[in-house]
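In what follows, a structure is listed as structure tokens, so that the remarks can point back to it.
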Amino acid sequence: MTSAFEPVRIAGSTLSNRIALAPMTRSRAAEGGIATALVAEYYTQRASAGLIISEGIQPSVVGQGYPFTPGLHSTEQVAAWREVTDSVHAAGGRIFAQLMHSGRIGHPSLLPDGLVPVAPSAVAAQGQLFTGEGMKDFVTPQELTGAEVRATVADYAEAARNAVEAGFDGVELHGANGYLIHQFLAPGTNRRTDEWGGPAENRIRFAVEVVKAVAAAIGAERTALRISPGNTYNDITEPDPQPVYEALVKEIDGLGLAYLHVLEHAPEARATTLALRKQFSGLLVLNPATEGPTDHRALTLIEDGTADVLAFGALFLANPDLPDRLRTEGPYNTPDPTTFFGGDARGYTDYPTR
Ligand SMILES: Cc1cc2nc3c(=O)[nH]c(=O)nc-3n(C[C@H](O)[C@H](O)[C@H](O)COP(=O)(O)O)c2cc1C
């Protein structure tokens, strides 16, 4: 029986345990999408994770969906991330960059030069989002042309090269939670009639091409993908997700990826997780559906072989020494949602260790 406190090899490194910091947007970057010394401190505090997965990082200017999120498309951003990764490595940690293009989940007021959010199709998300100017309705995004889809794939590859130059151990592509890759996968947001839309074999093409382009740029062993089959977050509709994700995994299995990361939005997603687990020959990182934030009760999912690594979000945000606390089944500091996004050190680097 494998325990969560046993090592595992990912991307040519031995991780000290099978506990990952789940990717979490914290919106504390400086002007220009620059990670700061405070960001370095936050991640370094959590270096006892076997693997840190960074917050969503935009691979291009137009990929930014929220205020104060960091990027990996400029020289200054790369230099700033180098300080973060050096600090995490000095503390014995390993860190992947999560590349997140938000697609239609964004707002023109967040973008320079008259840019507007882009997406597979011109379908606006229902609802509102937080911008620097308060809550705003989602806008109708601009449909990407075929040439622009190709250019967007290339942007991910370039950002992945930048991530490696910045010292990240690998890259996780955000294909979950209704952002750009998920928008291509889901029929509600992808109404295209070219090779990027229509039947499942076409809707998975963008995800597959991005994975392949990034793997070609930095090596498959440093490339990972996060998915959330059936998750309706950000106004996604996926009536019958399992066959779509099976088709996707079929295409990317065999490339030799670092891992596949499955986020379960609800307990009923477990059946799909188990099917994909069986199908995928590499490592499975799981962020399981649990009642309340994922805690030590999920560790049995490593022991029974459901997953190889477990990702913890809210509890890791509030407990920098989470692996140690999981070992003793708590106690835990309570996460404060009012400081999740934006602000300063409060609710970011001031959660106490034991
Ligand atoms: C503040 C916050 C920000 C998040 N940002 C991201 C993100 O940037 N990328 C992502 O894939 N998931 C993001 N998530 C989802 C988490 O990775 C995770 O799936 C979710 O919190 C459920 O896990 P938990 O029960 O351990 O908290 C975020 C969650 C929270 C609480």
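The values are calculated or read from the model by the stated rules, or taken from the named source; none is laboratory data. Computed from a prediction, not measured in an experiment: that's the story for all the values here. Backbone-built Cβ (ideal geometry, glycine too); neighbour counts: all protein chains shown. In case anyone asks, the SASA skips ligands and DNA or RNA and just uses the protein heavy atoms, side chains included. Shrake-Rupley method; radii C 1.70, N 1.55, O 1.52, S 1.80 Å.
With every atom except the alpha carbons ignored, what do you get for Rg and Dmax of the range 57-204, in angstroms?
16.0, 50
For the chain, report the accessible area per residue in Å² (1.4 Å probe, heavy atoms, rounded to an integer).
On the way: 13400 Å² over 354 residues.
I get 38 Å² per residue for this part.
Using every alpha carbon pair in the range 137-274, what percent of pairs falls into each 5 Å bin from 0 up to the bin containing the largest distance?
Histogramming the range 137-274 at 5 Å steps yields 2, 10, 20, 23, 21, 15, 8, 2, 0 percent.
What ratio of Cα Rg to 2.2 N^0.38 Å holds for the range 46-141? Numbers along the way, then the final one.
Details: Rg = 15.6 Å, N = 96, 2.2 N^0.38 = 12.5 Å.
With N residues counted in the range 46-141, Rg over 2.2 N^0.38 Å equals 1.25.
When the accessible area of the chain is split by element with a 1.4 Å probe, what percent falls to carbon and sulfur? Mind dumping the intermediate values first?
Details: 6910 of 13400 Å².
Of all accessible area on the chain, carbon and sulfur atoms account for 52 percent.
What does the chain give for Rg and for Dmax, in Å, if only its C-alpha atoms count?
18.7, 56
Given the Cα-Cα distance of residue 233 and residue 255 and 0.36 nm per residue of separation, how much length would full extension add, in nm? Don't jump to the answer; show the numbers that get you there.
On the way: separation 22, 0.36 × 22 = 7.92 nm, distance 2.89 nm.
Full extension of this stretch gives 5.0 nm more.
Please list, in order along the range 207-215, the HN-Hα scalar couplings obtained from phi with the Karplus expression 6.51 cos²θ - 1.76 cosθ + 1.60 (θ = phi - 60°), rounded to whole Hz, x for Gly and Pro.
Computed from phi, the couplings for the range 207-215 are 4, 5, 5, 5, 4, 5, 5, 5, 4 Hz.
Tell me, what is a quarter of the convex hull surface for the C-alpha atoms of the range 248-354, in nm² with one decimal? Could the numbers behind the result be given before it?
Working: hull surface 32.2 nm².
Average projection, Cα convex hull of the range 248-354: 8.0 nm².
Starting from the Cα of residue 340, step 7 Å toward the Cβ, then list every residue of the range 235-277 with an amide N under 18 Å from that point.
Only 235-236, 263-267 pass the distance filter.
Can you grab the distance from the C-alpha centre of the range 287-305 to the C-alpha centre of the range 74-117, Å, no decimals?
29 Å
Near the amide H of residue 131, under 5 Å away, which other amide H atoms are found, from residues 5 or more places off or on another chain, if H is placed in the peptide plane?
Here 136 satisfy the definition.
Using just the alpha carbons, could you tell me how many Å³ per residue the convex hull of the range 267-320 encloses?
For the range 267-320, the hull spanned by Cα atoms encloses 79 Å³ per residue.
Just the Kirkwood number for the range 196-285, please: inverse of mean 1/r across all distinct Cα pairs, in Å, one decimal.
Working: mean 1/r = 0.0744 Å⁻¹.
Taking every pair of different Cα atoms in the range 196-285, averaging 1/r and inverting gives 13.4 Å.
So what is the relative contact order of the range 216-354, in percent, for Cα pairs below 8 Å that sit 6 or more residues apart? Please report the intermediate quantities before stating the final value.
Details: 195 pairs, mean separation 23.8, N = 139.
Once normalised by length, the contact order is 17 percent.
Mean separation of Cα pairs under 8 Å and 6+ residues apart, divided by the residue count of the chain: what relative contact order is that in percent?
On the way: 814 pairs, mean separation 59.3, N = 354.
Here the relative contact order equals 17 percent.
Run through every distinct alpha carbon pair of the range 206-249 and return the Kirkwood hydrodynamic radius in angstroms, one decimal place.
On the way: mean 1/r = 0.0845 Å⁻¹.
In the range 206-249 this quantity evaluates to 11.8 Å.
Using θ = phi - 60° and the Karplus curve 6.51 cos²θ - 1.76 cosθ + 1.60, what whole-Hz ³J(HN,Hα) does each residue of the range 235-252 get, with Gly and Pro shown as x?
For the range 235-252, the Karplus-derived couplings read 6, 9, 10, 9, x, 9, x, 4, x, 5, 6, 5, 5, 5, 5, 4, 6, 9 Hz, x marking Gly and Pro.
I need the peptides 50-58, 199-207, 65-73 ranked by packing, meaning the mean over residues of other C-beta atoms within 10 angstrom, with the highest value on top.
Details: 50-58: 26.9, 199-207: 19.6, 65-73: 22.9.
Ranking, from highest mean packing down: 50-58, 65-73, 199-207.
Around residue 56, which amide H atoms from residues at least 5 apart in sequence, or from another chain, sit under 5 Å from its own amide H, with H modelled in the peptide plane?
For residue 56, the qualifying residues are 24, 25.
State the volume of the convex hull built on the alpha-carbon positions of the range 81-120, expressed per residue in Å³ and rounded to an integer. Intermediate values should be presented prior to the final figure.
Values: hull volume 4.0 nm³, N = 40.
Spread over its residues, the Cα hull of the range 81-120 gives 100 Å³ apiece.
Obtain the nm distance between the two label points defined at residue 240 and residue 136 by a simple spin-label model: each point lies 7 Å from its Cα along the Cα-to-C-beta direction.
Using points 7 Å along Cα→Cβ, the separation is 3.9 nm.
Across all directions of projection, what mean area in square nanometres is found for the Cα convex hull of the range 1-106?
Details: hull surface 28.4 nm².
Result: a mean projected hull area of 7.1 nm².
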